[in-house]
1. Loop only by DSSP, 13 or fewer other Cβ within 10 Å of the Cβ. Give me the trypsin sites (Lys or Arg not before Pro) in segment 355-434 that pass, ordered by residue number.
2. Given H placed 1.01 Å from N in the peptide plane, which residues other than close sequence neighbours of Phe299 have an amide H under 5 Å from its amide H?
3. Name the lysines eligible as straight-distance cross-link partners of Lys168: C-alpha to C-alpha under 23 Å, and not fewer than 8 places from it in the same chain.
4. Quick test of your reading: applying the under-4.7 Å Cβ rule, which cysteines of the chain are isolated?
5. Looking at segment 118-220, what % of the alpha carbon pairs are farther apart than 22 Å?
6. Run through the DSSP bridge list for segment 1-143 and note the antiparallel percent, rounded to the nearest 5.
7. Let me know the shape class of segment 262-329, please: from the alpha-carbon gyration tensor, a ≥ b ≥ c as square roots of the eigenvalues, rounded when a/c is under 1.5, otherwise prolate if a/b is greater than b/c, or oblate.
8. Please list, or write none, the lysines whose alpha carbon is within less than 26 Å of the alpha carbon of Lys251, excluding same-chain residues fewer than 8 places away.
Amino acid sequence: MKTFDVAVLGGGPGGYCAAIRAAQLGATVALVERDALGGTCTNRGCIPTKALSASAVMLGRMRSSEELGIRLPAMPELDFGRVAARRDQVVATLREGIEKLLRAHKVELFRTSGTLAGPGKIALAGNPPAVIEARRIILATGSAPVRLPNLPVDGERVVTSDEILSQKSLPRRLAVVGGGVIGCEFASIYRAFGVEVTVVELLERLLPTMEAVLGKTLERAFKKAGIQVFTATRVEGYDPGAGVLRLAEGKTLPADMVLVAVGRRPRSDGLGFAECGVQIERGRVVADERMATGAEGVFAVGDVVGRNWLAHTAMREGEVAAACALGHPERMRYGVVPAVVFSEPEIAVVGLQPAEAEAKKVDFAEGTFFYGASGKALCDGAAEGKVGLLAEPGGGKVLGGWVIGEHADVLIAEIALAVDRGVSARELADVIHAHPTLPEMIKEAAADCFGMAVHKAPARRRS
C-alpha cells in the first residue's frame, strides 16, 4: 500500500492546483483522476467555450470591418469544422500542459476512479483494486450539468454544455433554456455563427444572480443582435420530431437543438464522503474558509463545495487547502472573487454591488465612466459600454466594481486588486495610467466616486 502526505481526489482546476501547491510545499502527493486532466473547465467548459468565443469575436470584427475603413472582397464565411478542430486542439494543448506540470512537480498520477475508504484512505478502482493512504486528503470531484426531467438529454437534439462542446456541426435554430452565465455565453457564440437563437429564462431577467442593470443591458444587446429573449417563461417539453420547444400557456418555439443550461450540481454521491464523516448539504460538501470539512484530515475544494462554480475560485481553494493541510495559515476570501460573462458584450463584476450594498445598508459612493468617452475605445470601434466602481464615501476604500463592454475580462483585474488590497478610490485615481488605454476608464470611475473625474461632466445640481 502506497502512502503519501497528501492525496487529491479529482484532477480539475481545484484538484491539480492543490496537488501542485502541496508538492511545492514539500509534500509527497498523489492525484486520482479517472477522466481527462483539467476537469470540466479545460475539457467541457471554460476553455473550449472561450476558443469558440474567440472565433465568434473575430467573425464579428470582420463583418464590421468597414466601420474601420477596411472593405473585404467578400463577406467572411464560417468553417465550423475548422473552428471545432481548433477548439479541440486548444483543449489538448492545455490538458497536456497540466500533465507535464504534475510530472515536473513529481505528483504521482493514478488514472482511475477513487472513493473514500476510511480515515486517510482512498480506494482505487481496478483489477485488482488497490488502496492508497495519505495523512491529508483533498476532495475535488467537481460537478455535472443539472438536467431537467421534462427535457431528457439525448446528446444530439437536447444537450447540456457537455454535449454541445463536442458537436461538429451547427443547428439552424438553437433554443437555450436558462439565461444564466452559461446560457448567455452560448447564445452569443451561436448567434455570431449565424444560428437563430432563442433564450428562455424562468426568472424575470437574464443573469438573475447579478446586478439587475447588467442583465437588462445584456437583454437589450441580445435583441439588437437578433437573439429572441423570453423571461419569466416556463418550458414544458420538447418535441424532436416536430422540432418544437413547448412553453407554458400553449406557446411553442421552433428549435433544431435545445441547450439545457440551468446550472450545475456537485458530484458527491456514491464516493464514500458521508460514510467517512464528511458533512453534505444538498449535495455540497460543507467546508470552512480553510477548506477543511468536518472529517479529520479531509479538505474539499471546487464545485463539490459549490460556493460559486468558478474555475478560478477552485484554483485558489486548492492552493488554500494544500497550504492548510500542511500546517500553513491560509484563508479563502470569497468577497474578492471576480466573475466574468463572456457574452457579447462582455460583463465582469467583483466585490460589493449596488443592490447588495443597499440591502445591507452599506454607505457607498458610485463612480461611473462610459466607453464612449474613452479615446482608446473610440479608436477601437468599441464605444458601447460602461465601468462602475463602488467606494466608501469621500474617496475611501474601493468596495467593488463592474464592467460591461469590450475587454471587461481584462479591466476587472485592476478593480479586483483594489478591492482585495484595500486600495482607496483616491489612491486608484492617483495612479498614472498610460494613454490612450481602456484602463484609464477605471481611473476616471475612481475619481468620479468623489466627484473629481476630469473627462466627465459634473452631475447637474438641482436648484
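Read the figures in this text as sums done on the coordinates, not as results from a lab. Note that the coordinates shown come from a computational prediction; the quantities given were computed from them, not determined experimentally. Here the Cβ positions follow ideal geometry from the backbone for every residue, glycine too, while neighbour counts run over all protein chains shown.
1. On the way: sites: Lys360, Lys361, Lys376, Lys386, Lys397, Arg421, Arg426; in loops: Lys360, Lys361.
Those satisfying the criteria are Lys360, Lys361.
2. For Phe299, the qualifying residues are Ile137, Ile138, Leu139, Thr293.
3. The reachable lysines, counting only those whose Cα sits under 23 Å from Lys168, are Lys50.
4. Within the chain, the cysteines lacking a partner Cβ under 4.7 Å are Cys17, Cys184, Cys276, Cys324, Cys379, Cys449.
5. Details: 2651 of 5253 pairs.
Summing the P(r) tail past 22 Å for segment 118-220 gives 50 percent.
6. Numbers: 7 of 21 bridges.
That works out to approximately 35 percent antiparallel.
7. Working: a/c = 2.41, a/b = 1.14, b/c = 2.11.
Judged from the Cα gyration tensor, segment 262-329 comes out oblate (a/c at least 1.5, b/c at or above a/b).
8. Partners found: Lys216, Lys223, Lys224.
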